[in-house]
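Below is one structure, written out as C-alpha cells, with a few remarks after it.
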Amino acid sequence: MDYDVIIIGAGMAGLAAGIRLAMYDRRVLLLERHYAPGGLNSYYHRHGRPFDVGLHAMTNYVPRGTRRAPLTKLLRQLRIPYEAFRLCPQIGSEIRFPGVTLRFANDFEDFRQSVHETFPSQREGFDRLVERIEEHDELSLDARPIPSRPVLEEFISDPLLIDMLYCPLMYYGSPEENEMEFGQFCIMFKSIFKEGFARPEGGVRTVIDALLARFREEGGELRLRSGVRRILTRKGRAVGVELQKARGVTKLGRRRAEVLAMADEPGEVIEAPVVLSTAGYPETLALIDDRTARSEEAPPGRMSFVESIMVLDAEPRQLGIEQTIVFYNDSDRFDYRRSDDDCDLRSGVICCPNNYAHAKPLPEGLLRVTSIANYDRWAALEKPEPYASAKRRWLERQQEKVASVLGGDFRAHVVADDVFTPTTIHHFTDRIHGAVYGSPRKVRSGRTPVAGLYVCGTDQGFLGIVGAMLSGISIANARVLMAGS
C-alpha cells in the first residue's frame, strides 16, 4: 500500500484528522481538489484584497486554560498552542426581531439575563432548558437523533423566544428546514451562547496556516489540485482512490485555471486501506465504485446562501455600527427554509469583522451580509449574464436591508464588494445544491457501507470550525487509531 490513510478534502476536518493520524506515525495523504486548503472556510484575493470565505466568527471561543471546552480539547489533541490561532473575542452581538432584541457576548450569564428581562414569563422554563442542554451528550458518536422543536416546547411556551433561539443556531449550522436535530441544537447553543464568538487575527488563513504547519511537522503529505474521481473498493472494503486526470492551463488565469483544470477521466491510482472523506455523505457515496454501496439513501441538503462582502472607507463603529454580529428577522415568524425567490431577505446575518477586540485595527472597514437562497434558481442563470446582473441586483437589495436593520446609511462608504452564491459554493466544494451544512442525515458514527471508508466533517454532525476539527479528530481516534487500522 502507498499510504496508511488517504483523506479527501483539506478543510478543517481533513487537516485535523491528518494531524492526529500523522502524530501516531500513520502515513497520511491529504488530497485537495483546489489550489488552496480550507474547504468551506478558505480565503481568496479580489480587487487586490484578501477575503475570507464564509468566516463570520469562530464559535466555541473560551479564554486560555478553560477546562473541558471543545477548543481546549482540540488544541490539546493536536498539540497546537492557544496563541497559534490568535483569537480576538467579539464585542457583542444581537438577535433582532420586530420590537424585541436579545443581546449576547462571550459571557453566558449576560445572555441569560437578557432572556430573563425580555421574556419574564419564560425565565424558569429557559433555565430548565439550559439544564437539559447541559445534560445532553451531543458529542457521542452513537447518539440517536431526535428533533429539537418538541424538546424546546416542553420548556418554553412562547413561540417568539423559540424562534429567537433558533435564528442564530440555524443560520450557523442547520441543514434542515425549520427544524434542527437536538444534538446539533445543543452543539450550536453551547458554542454560540455558552462559549462565544472570536475571530482569528489575520482571518481564517491564520487557522489554516497553523494546521498546515502542524501537519507538515508530523510528516503528512498534502497534494493540491488533486480531485478524487472514484473511491476504489475490493470485496466491500476501501482500497484507495482514483484521481481525476489533470488538464492543461486555460486562458482564465493561472489560479482559476487550476480550479477548473480537472477532467472526469481516469487519472492516478493511489492505494490505502483506510479512506476518510470530508466531501459530504451523499457526495462520498457517489464516489464509491461499487454500485451496491452507492444505493444507500442519503438525501442532499437544500439550504444554501448568498453572501455579500462590502469594503468600507471607514470603520463600522464610525458609522454607528457597534455590534459584532446581528441576526435579524422582520417577519411574524422565523421561516428557515429554501427561498422561493433567488434570495429571502426577511431574515439574515449581518457581520462586522472589525468589531472584535483586535490587537490592531483592520486595514479597512468590512460588512458581510448573508441571506437564504435557492440553488436551482441561481444555477438556471446563464453566465456571465444574466447571472452577474442578478448578483448586482441582490447586492443592492441586501444593502438596503442592512441600512434598514442597523439604521443610518453606510452605502456611500462602500469602495469594493464581492458576492458569492449557491453556485459558487457548489463550484468550489462540489456540495450538491451548494448545501453549506450538507445533508439532513448526519452519520455520527462516521461509518459508511464500505469497510475502511469513513466520513468526517459537516455530515458527521459536529458543526462550526471548531466542530469540524473535532469531527476529524474524533473519527481519526475512534475509527483508525483505536481500531488499530
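What about Gly219, is it crowded, with 22+ Cβ neighbours inside 10 Å and on the phi > 0 side of the Ramachandran plot? Break it down into steps so the answer makes sense when it comes.
Values: crowded, with 22+ Cβ neighbours inside 10 Å: no; on the phi > 0 side of the Ramachandran plot: yes.
No, not satisfied.
What do you reckon, is Phe85 over 30 Å from Leu243 (Cβ atoms), crowded, with 19+ Cβ neighbours inside 10 Å and within 23 Å of the chain's Cα centre (by Cα)?
Values: over 30 Å from Leu243 (Cβ atoms): yes; crowded, with 19+ Cβ neighbours inside 10 Å: yes; within 23 Å of the chain's Cα centre (by Cα): yes.
Yes: the conditions hold for Phe85.
Hey, could you check the stretch 342-357 for residues that are under 20 Å from the mean Cα position of the chain (by Cα) and part of a loop (DSSP other than H, G, I, E, B) and say which is surrounded by the most Cβ atoms within 10 Å (Cβ to Cβ)?
Filtering first and then ranking leaves Cys352.
If you go through the stretch 183-197 one residue at a time, do you hit one that is farther than 18 Å from Leu470 by Cα, out of contact with any helix residue (DSSP H, G or I) (no Cβ under 6 Å at 6 or more places or on another chain) and either assigned by TED's automatic domain parsing to the domain that holds Pro150 or surrounded by fewer than 23 Cβ atoms within 10 Å (Cβ to Cβ) (or both)? Please lay out each step first, then the result.
Of the residues in the stretch 183-197, the ones farther than 18 Å from Leu470 by Cα are 193.
Right, trim to out of contact with any helix residue (DSSP H, G or I) (no Cβ under 6 Å at 6 or more places or on another chain) and you get none.
No - not one qualifying residue is present in the stretch 183-197.
Filter the stretch 170-199 for residues that are of a type in the set (A, V, I, L, M, F, W, C), farther than 13 Å from Met58 by Cα and touching a Phe, Trp or Tyr at 6+ places or on another chain (Cβ under 6 Å) and give the result. Talk me through it step by step, then tell me what you get.
At the first step, the residues of the stretch 170-199 found to be of a type in the set (A, V, I, L, M, F, W, C) are 170, 180, 182, 185-189, 192-193, 197-198.
With the extra rule that they be farther than 13 Å from Met58 by Cα, the set shrinks to 170, 180, 182, 185-187, 189.
Correct list: Met170 only.
Taking the stretch 431-464, which residues are touching a Ser or Thr at 6+ places or on another chain (Cβ under 7 Å) and part of a helix (DSSP H, G or I)?
Result: His433, Gly434, Asp459, Gln460, Gly464.
Which is under 30 Å from Gly461 (Cα atoms) and without any contact (Cβ under 8 Å) to a residue 24 or more places away in the chain, of Thr370, Thr424, Thr429? Write out each step before concluding.
Working: Thr370 fails: without any contact (Cβ under 8 Å) to a residue 24 or more places away in the chain; Thr429 fails: without any contact (Cβ under 8 Å) to a residue 24 or more places away in the chain.
Every option except Thr424 fails the conditions.
What is the one condition in (1) basic (Lys, Arg); (2) over 23 Å from the mean Cα position of the chain (by Cα); (3) crowded, with 21+ Cβ neighbours inside 10 Å that Arg20 does not satisfy?
(2) is the only condition that Arg20 fails.
Looking at the stretch 34-61, which of its residues are part of a loop (DSSP other than H, G, I, E, B), over 16 Å from the mean Cα position of the chain (by Cα), in contact (Cβ under 8 Å) with a residue 24 or more places away in the chain and surrounded by fewer than 21 Cβ atoms within 10 Å (Cβ to Cβ)? Outline the logic, then answer.
Kept after step one, since they are part of a loop (DSSP other than H, G, I, E, B), are these residues of the stretch 34-61: 34-37, 39-42, 47-48, 53-57, 59-61.
Of the ones still in play, those that are also over 16 Å from the mean Cα position of the chain (by Cα) are 34-36, 47-48.
Still in the list and also in contact (Cβ under 8 Å) with a residue 24 or more places away in the chain: 34-36, 47.
Once the filter is applied, which keeps residues that are part of a loop (DSSP other than H, G, I, E, B), over 16 Å from the mean Cα position of the chain (by Cα), in contact (Cβ under 8 Å) with a residue 24 or more places away in the chain and surrounded by fewer than 21 Cβ atoms within 10 Å (Cβ to Cβ), the stretch 34-61 yields Tyr35, Ala36, His47.
Among Leu211, Leu169, Leu152, Leu129, which is within 17 Å of the chain's Cα centre (by Cα) and free of Cβ contacts under 8 Å to residues at least 40 places away in the same chain? Break it down into steps so the answer makes sense when it comes.
On the way: Leu211 fails: free of Cβ contacts under 8 Å to residues at least 40 places away in the same chain; Leu152 fails: within 17 Å of the chain's Cα centre (by Cα); Leu129 fails: within 17 Å of the chain's Cα centre (by Cα).
That would be Leu169, the only listed residue that is within 17 Å of the chain's Cα centre (by Cα) and free of Cβ contacts under 8 Å to residues at least 40 places away in the same chain.
Which of (1) closer than 25 Å to Leu87 by Cα; (2) under 15 Å from the mean Cα position of the chain (by Cα); (3) surrounded by 21 or more Cβ atoms within 10 Å (Cβ to Cβ); (4) touching a residue at least 24 places away in the same chain (Cβ under 8 Å) does Pro175 not meet, given it meets every other one?
In the conditions (1) closer than 25 Å to Leu87 by Cα; (2) under 15 Å from the mean Cα position of the chain (by Cα); (3) surrounded by 21 or more Cβ atoms within 10 Å (Cβ to Cβ); (4) touching a residue at least 24 places away in the same chain (Cβ under 8 Å), Pro175 misses (1) alone.
Just wondering, is there one or more residues in the stretch 326-334 that are more than 23 Å from Ala105 (Cα to Cα) and part of a strand (DSSP E or B)?
Here is the first cut: in the stretch 326-334, the ones more than 23 Å from Ala105 (Cα to Cα) are 331-333.
Restricting the remaining residues to those that are part of a strand (DSSP E or B) gives none.
Checked the stretch 326-334: no residue is more than 23 Å from Ala105 (Cα to Cα) and part of a strand (DSSP E or B).
Could you list all residues from the stretch 286-313 that are surrounded by fewer than 18 Cβ atoms within 10 Å (Cβ to Cβ) and at pLDDT 95 or above?
Asp313
Here's the yes/no breakdown for (1) over 17 Å from the mean Cα position of the chain (by Cα); (2) assigned to a strand (DSSP E or B):
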site	(1), (2)
Leu366	yes, yes
Ala390	yes, no
Glu396	yes, no
Ala412	yes, no
His427	no, no
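Considering each of Pro316, Pro363 in turn, give the residue that is free of Cβ contacts under 8 Å to residues at least 24 places away in the same chain and over 16 Å from Leu169 (Cα atoms). Write out each step before concluding.
On the way: Pro316 fails: free of Cβ contacts under 8 Å to residues at least 24 places away in the same chain.
Within the list Pro316, Pro363, the selection yields Pro363.
In the stretch 406-426, what count of residues is obtained for those that are under 18 Å from Pro98 (Cα atoms) and surrounded by 17 or more Cβ atoms within 10 Å (Cβ to Cβ)?
1
If we keep just the residues of the stretch 334-362 that are of a type outside the set (A, V, I, L, M, F, W, C) and modelled with pLDDT under 95, which is nearest to Tyr166 (Cα to Cα)? Don't jump to the end; show me each part of the working.
Initially, the stretch 334-362 is screened for residues of a type outside the set (A, V, I, L, M, F, W, C), giving 335-342, 344, 346-348, 353-356, 358, 360-361.
In the following step, the residues that additionally are modelled with pLDDT under 95 were identified as 358, 360-361.
Details: His358: 29, Lys360: 33, Pro361: 32 Å.
That would be His358.
The values are calculated or read from the model by the stated rules, or taken from the named source; none is laboratory data. Predicted model, so just to flag it, every value in this text is computed and none were measured. Every residue, glycine among them, receives a Cβ derived from its backbone with ideal geometry; neighbour counts consider all protein chains shown.
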